[in-house]
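Student: Sharing a structure with you now.
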Amino acid sequence: MNLKRYLTIYAALWKNSVAREMSFKGNFILWIIVELLWFGLQLCFVSVVFSQTKTVGTWSQWQMVLLVGASNFIQQVYQAFFLVNCTNLSELVRTGKMDFLLLLPINTRFIVSLRQVDLGAFVNALFAVAVMLFAAGKLNLQPTFMQLAGFSALCVVGILIHYSLMFMLAAISFWTVRAQGIVYGYYNLFNIARMPDDAFRGAFKAMFTFALPVLLVSNVPVRVLGNMATSLWSLLVLLGLGVVWALISEWFWRISVRRYTSASS
């Protein structure tokens with residue numbers, strides 16, 4: 001019964017998001033075009049890199065195109081569900097609108113995290129899938145059902161890791177009031193995810209593998225999908241970090257909410 005209630009609420013949130021997007025069709029279309037142009041620039045970057053070399057570590061050109069496609073897919077799905085909501089958290093705190101959300105008879109984190117849906121990001125995610133299919137064709141990949149299932153599950157884990165980290169950073173607004181700069185700073189780190197893990201060494205690679213696992217989030221799913229060498233250790237680390245960051249994020253959220261004193265107090 002509780003699950004049905006939340007699904008009904010989420011369906012209403014979707015309906016409101018569709019109405020909001022269709023009220024500003026020009027902005028909706030323009031944002032899709034801008035995102036596609038940025039995606040095209042990322043693919044051009046791959047072309048430039050491989051005009052100077054045949055491989056980056058163990059990655060060939062079309063494997064890297066597959067990686068860029070997968071990275072963009074994960075980023076766009078994350079953006080569709082969570083980005084706007086994470087960035088808006090500081091405004092809820094600053095304006096005191098958090099008061100209203102705290103009084104609702106539902107889980108506050110649920111409504112804060114999922115109030116709005118970015119529909120344009122789903123369109124861009126489909127373009128990313130198209131690029132992945134094209135790259136897979138060039139690589140003559142014929143993934144099995146288990147590979148596709150593993151890839152999909154790992155993408156979900158990656159999205160949840162991004163959400164946990166960014167939501168925790170957004171919750172800093174309970175101390176600083178404004179935290180959009182911190183949130184967008186992390187979002188810009190998504191660009192590292194389109195790079196092969198073999199391109200990095202030392203402390204930098206360790207930083208973006210364990211502390212901020214943007215390399216694992218895209219590289220591990222692509223290695224599973226592309227029949228590339230991957231270790232059980234990498235899979236376990238990605239899954240483990242998903243659980244760890246989810247728990248830390250929830251702990252930090254509860255501490256942050258207890259600190260909230262309302263804009264009117």
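Bear in mind these aren't lab numbers, they're just calculated from the coordinates by the rules spelled out. Every value quoted in this text rests on a predicted model; they were computed, and no experiment measured them. Using ideal geometry, Cβ is built from the backbone for each residue, glycine included, and neighbour counts are taken over all protein chains shown.
Student: Run the dipole for the chain about the Cα centre, Lys and Arg Cβ at +1, Asp and Glu Cβ at -1, nothing else charged, and hand back the magnitude in debye, nearest 20.
Tutor: Details: 19 positive and 8 negative charges, 84 e Å.
Dipole about the Cα centre, nearest 20: 400 debye.
Student: Same structure, new question: By per-residue mean of other Cβ atoms within 10 Å, what is the highest-first order of 20-31, 202-213? Please list the in-between numbers first.
Tutor: Details: 20-31: 12.1, 202-213: 14.7.
Ranking the peptides 20-31, 202-213 by packing returns 202-213, 20-31.
Student: So how strong a dipole does region 53-135 carry about its Cα centre when Lys and Arg Cβ are +1 and Asp and Glu Cβ are -1, to the nearest 20 debye?
Tutor: Details: 5 positive and 3 negative charges, 19 e Å.
Here the size comes out at about 100 debye.
Student: Please give the length that would be gained between LEU41 and THR53 if that part of the chain were fully extended, namely 0.36 nm times their separation in residues minus their C-alpha to C-alpha distance (nm, one decimal).
Tutor: Working: separation 12, 0.36 × 12 = 4.32 nm, distance 1.88 nm.
Difference between extended and current length: 2.4 nm.
Student: Just tell me which lysines come within less than 30 Å, Cα to Cα, of LYS138; anything on the same chain fewer than 8 places away is out.
Tutor: Result set, ordered by chain and number: LYS54, LYS205.
Student: Run the numbers on the chain and let me know its relative contact order in percent, using alpha-carbon pairs under 8 Å that are six or more apart.
Tutor: After rounding, I find 25 percent.
Student: List CYS86, CYS155, CYS44 from most exposed to least, where exposure is judged by having the fewest other Cβ atoms within 10 Å. The partial results should precede the final answer.
Tutor: Values: CYS86 27, CYS155 21, CYS44 10.
If I rank by nearby Cβ atoms, fewest first, I get CYS44, CYS155, CYS86.
Student: Among MET64, PRO105, ILE159, pick out the residue whose Cα is farthest towards the positive end of the charge dipole of region 54-178, where Lys and Arg carry +1 and Asp and Glu carry -1 on C-beta, about the Cα centre.
Tutor: Of the candidates, MET64 comes out farthest on the positive side.
Student: Under a 10 Å cutoff between Cα atoms, tell me which one of VAL49, VAL222, VAL237 has the largest fluctuation in the Gaussian network model of the chain.
Tutor: For the chain, modelled as a Gaussian network with Cα springs under 10 Å, the answer is VAL49.
Student: Pick from SER164, SER234, SER173 the residue whose mean-square fluctuation is largest in a GNM of the chain, springs joining Cα atoms under 10 Å.
Tutor: Evaluated over the chain, the most mobile residue of the options is SER234.
Student: Once the Cα atoms of helix 61-78 and of the chain are each reduced to a long axis, what angle between those two axes, in degrees from 0 to 90 to the nearest 10, is obtained?
Tutor: In the chain, helix 61-78 runs at an angle near 10 degrees to the longest axis.
Student: Based on the Cβ-Cβ distance of LYS4 and LEU126, what FRET efficiency does E = 1/(1 + (r/R0)^6) give at R0 = 30 Å, to the nearest 0.05? Let's see the in-between values first.
Tutor: Working: r = 30 Å, r/R0 = 0.98.
My answer for the efficiency is 0.50.
Student: For each of ASP198, ASP118, count neighbouring Cβ atoms within 10 Å of the residue's Cβ, then give the residues from fewest to most. Numbers along the way, then the final one.
Tutor: On the way: ASP198 13, ASP118 21.
Ranked by crowding around the Cβ, least crowded first: ASP198, ASP118.
Student: Return one number: the angle in degrees, 0 to 90 and rounded to the nearest 10, between the long axis of the Cα atoms of helix 84-95 and the longest principal axis of the Cα atoms of the chain.
Tutor: Approximately 30 degrees, to the nearest 10.
Student: How tilted is helix 2-23 with respect to the longest principal axis of the chain? Cα atoms for both, answer in degrees (0 to 90, nearest 10).
Tutor: The two axes meet at around 80 degrees.
Student: Also, I was wondering about something else. Want the number for LYS138 to THR261: 0.36 nm per residue separation, take away the alpha-carbon distance, what's left? Before the final figure, lay out each step's value.
Tutor: Working: separation 123, 0.36 × 123 = 44.28 nm, distance 5.67 nm.
Length difference between fully extended and current span is 38.6 nm.
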